[in-house]
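**Q** Let me give you the structure first, and then I'll get to my questions.
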Amino acid sequence: MAQQAGNPTGERRLAVLEGVLERITYANEENGYTVARVDTGRGGGDLLTVVGALLGAQVGESLRMEGRWGSHPQYGKQFVCENFTTVLPATVQGIRRYLGSGLVKGIGPVFADRITQHFGLDTLAIIEDEPKRLIEVPGLGPKRTKKIADAWEEQKAIKEVMLFLQTVEVSTSIAVRIYKKYGDASISVVRERPYRLAADVWGIGFLTADRIARSVGIPHDSPERVKAGLQYALSQSADQGHCFLPEERLIADAVKLLQVDTGLVIECLAELAGPPEEGEDPGVVRERVPGPDGEAEPVTAVYLVPFHRAELSLSAQVLRLLRTPEDRMPAFRDVAWDKALGWLRSRTGADLAPEQEAAVRLALTEKVAVLTGGPGCGKSFTVRSIVELARAKRAKVLLAAPTGRAAKRLAELTGAEASTVHRLLELKPGGDAAYDRDRPLDADLVVVDEASMLDLLLANKLVKAVPPGAHLLFVGDVDQLPSVGAGEVLRDLLAEGGPVPAVRLTRVFRQAQQSGVVTNAHRINAGQHPLTDGLKDFFLFVEDDTEEAGRLTVDVAARRIPARFGLDPRRDVQVLAPMHRGPAGAGTLNGLLQQAVTPGRPELPEKRFGGRVFRVGDKVTQIRNNYEKGENGVFNGTVGVVTSLDPVDQRLTVLTDEDEEVPYDFDELDELAHAYAMTIHRSQGSEYPAVVIPVTTGAWMMLQRNLLYTAVTRAKRLVVLVGSRKAIGQAVRTVSAGRRCTALDHRLRGS
């Protein structure tokens, strides 16, 4: 930094500004950059704009800020804050505003008024030192008094963590998580073992932990840093769907990430893969497996421990089920099939096609089987037929799917109860299931729909809980995108030369042939351009400019489809984007769609969190697995609607698509994202009356055949593409690049 004239030490004199934080207009949760409006007490109701490092500051707080004055070409004079301290307000009016701002859980404007009327200038001292005296205030019972005292203490402790973390740009919500995880030990963990945060605290990845480690003086070439970096590289690859990485690729990725010598990375990898210290889990597992995509040369695979264990376990459990001599549905071993199928015809009023009949026989006679096929090929009717026959023989049938919407659809189709896989297994906090190999499900037949969505970890938990002798049927479309989580379970089960019998339905039924949605799904899957002229249920709005395509997508979803087809824009219409970023990405479109469908109203409360605003009526989705929430956890991809928002108790409630009401404290809102638009990956397993898909050259790198095919097959009645013919052509032509790194197919072949 250049020295300033007349300031021989080179220190920059910072201006000081005091004021009450009235409103946060924008906050970036990732780096803490904030744009706020502050009341400096100059009168006239004028508010001053403050920008910069206001990480952790809450509306209603009195702040003493240091920084410099500046000017913005559009917004005029503003104060650029470099650091701040919280100053407790000194007037009764200030205290009332401070407490009424929603800062302390349990106190809203009404109680803030009553408390300050009763205690005056002593209010904050009473809450701090004698909180039991709050019971003197009319309307405050022991329960609310305790709640206020606890919230005040927690707020203080979080503030302490925040102040410590301020220098390393950690967001408020992450500071809250750190405090909730480690309590009073928060600061010592952050100072002494910062890389633990990446493993223990959701929302903190290696990069944030690395920044914290750097600020507390951990060396760049510390073995602890390198080992954490290796595990981060593996977890990043798991986020991209890989169960392992070939050793050479992992080493190259780690060297690039950490900017350290290759030799040091190799040494640290050897230590991670070596025998663990007593009481510790091994860091990673190395094993020779066949190369991906059938390469002749085996590779040394490096796994994170949970994925290695799950792959070994899943393959062993599938083989155990296939080979057991027990059979919980022995009636189908020597059934008179002509008679059984005749009875079925009388129940359903329709004949099975030969390949459907083969699938029915397979599911009822084999212990593990797969049924796959595209839209309109009769998968649903085949499943219904299997369930009808099994129940006719008094078999106990359990039906499950990875998402709430898919489970509902399965229940409607079969007339039997269906649940999500998570609910079926009764997953507990920590991710353990109530049902497993030692306590199996009470079932003779287990049917899992939308099986392309099953990732390795969930599939392992499910198969472990199937009792020996029961039949397990996986149903899904293998041409769709693979699961969001690591693995390619359905594809591995169908791998050539594997032990699991399968039927692929290929014939499109006549009724389905009249659907433009079904016809075009099959055209896309065959590498042909979709037909977009003269169809009643499949449209293309051509727009080559990406930004304009984004705006047009919003207009189609929020105005045109509801006007022409009478569909509800929130409940019935779903925008599916190839990617999250960009002018036609899910992030931007969510903001525009929220404005169009659920605009803000002065009389209704709303909660700003980071760059997002939550309102009653918002369509939202959960973006992480949280085993602590709801009856059996709330899982990544669960969709719901915000039904209430309480600024006093700092909580909003979401009614999920499984009809469960789930409360979220305001400091948990980074688990929720808006879902008016979502990425195609996140839509798997769901079905919507109408789907709008922006397909633009702005998403060029993401455009692949199985992506567009998955998006189109999410629609029940109507598809609208918005974008350029060139981008659609790119998506149709581009076949997904290579298989994921998984060795499940190799293990299933018993190698």
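The values are calculated or read from the model by the stated rules, or taken from the named source; none is laboratory data. The shown structure was predicted, so the numbers you read here are calculated from the model rather than taken from an experiment. All Cβ positions, even for glycine, are placed from backbone atoms using ideal geometry, and neighbour counts span all protein chains on display. We work out accessible area using only protein heavy atoms, side chains counted, and drop any ligands, DNA or RNA first. Shrake-Rupley method; radii C 1.70, N 1.55, O 1.52, S 1.80 Å.
**Q** Considering only the stretch 37-121, give the strands (runs of 3 or more DSSP E) lying wholly within it that have at least 1 residues that are open to solvent by less than 40 Å² (accessible area, probe 1.4 Å) and touching a helix residue (DSSP H, G or I) at 6+ places or on another chain (Cβ under 8 Å).
**A** 62-72
**Q** Would you mind stating whether K536 is in a loop (DSSP other than H, G, I, E, B) and of a type outside the set (V, I, T)?
**A** Yes; evaluated as a whole, the condition is true for this residue.
**Q** Of these, E287, E311, which one is closer than 30 Å to G431 by Cα, touching a strand residue (DSSP E or B) at 6+ places or on another chain (Cβ under 9 Å) and at pLDDT 95 or above?
**A** Every option except E311 fails the conditions.
**Q** Another question, then. So if I check each of P467, P402, which one is under 22 Å from G640 (Cα atoms) and open to solvent by less than 20 Å² (accessible area, probe 1.4 Å)?
**A** None of the others qualify; the one that does is P402.
**Q** Looking only at the stretch 510-533, count every residue that is surrounded by fewer than 18 Cβ atoms within 10 Å (Cβ to Cβ) and assigned to a loop (DSSP other than H, G, I, E, B) and tell me the total.
**A** Final tally of qualifying residues: 7.
**Q** Given the stretch 561-616, what strands (runs of 3 or more DSSP E) lie entirely inside it while holding 2 or more residues that are in contact (Cβ under 8 Å) with a residue 40 or more places away in the chain and open to solvent by 10 Å² or more (accessible area, probe 1.4 Å)?
**A** 606-609
**Q** I would also like to ask the following. Residue check: is E297 more than 30 Å from D442 (Cβ to Cβ) and acidic (D, E)?
**A** yes
**Q** Scan the stretch 635-644 residue by residue and report those that are surrounded by 22 or more Cβ atoms within 10 Å (Cβ to Cβ) and at pLDDT 85 or above.
**A** T638, G640, V642
**Q** What are the pairs, 6+ residues apart or on separate chains, where a residue within the stretch 538-552 that is within 10 Å of L589 (Cα to Cα) has its Cβ under 8 Å from a residue that is in a helix (DSSP H, G or I) and open to solvent by 50 Å² or more (accessible area, probe 1.4 Å)?
**A** Sorted first by the residue in the stretch 538-552, then by its partner, the pairs are G550/T588; G550/L592; R551/L592.
**Q** Related question: Does the stretch 199-208 contain at least one residue that is in contact with a Cys (Cβ under 8 Å, 6 or more places away or on another chain), open to solvent by 20 Å² or more (accessible area, probe 1.4 Å) and part of a helix (DSSP H, G or I)?
**A** no
**Q** Additional query: Looking at E224, is it acidic (D, E), touching a residue at least 24 places away in the same chain (Cβ under 8 Å) and within 29 Å of V176 (Cβ to Cβ)?
**A** Spelling it out, E224 is indeed acidic (D, E), touching a residue at least 24 places away in the same chain (Cβ under 8 Å) and within 29 Å of V176 (Cβ to Cβ).
**Q** Hey, which of the helices (runs of 4 or more DSSP H) in the stretch 209-299, taking only ones fully inside, have at least 3 residues that are over 25 Å from the mean Cα position of the chain (by Cα) and surrounded by fewer than 16 Cβ atoms within 10 Å (Cβ to Cβ)?
**A** Of the helices (runs of 4 or more DSSP H) lying wholly inside the stretch 209-299, those with at least 3 residues that are over 25 Å from the mean Cα position of the chain (by Cα) and surrounded by fewer than 16 Cβ atoms within 10 Å (Cβ to Cβ) span 247-258, 262-273.
**Q** A further question follows. So, in the stretch 420-435, of the ones that are modelled with pLDDT of 90 or more and not β-branched (V, I, T), which residue ends up farthest from V639 (Cα to Cα)?
**A** The residue in question is Y435.
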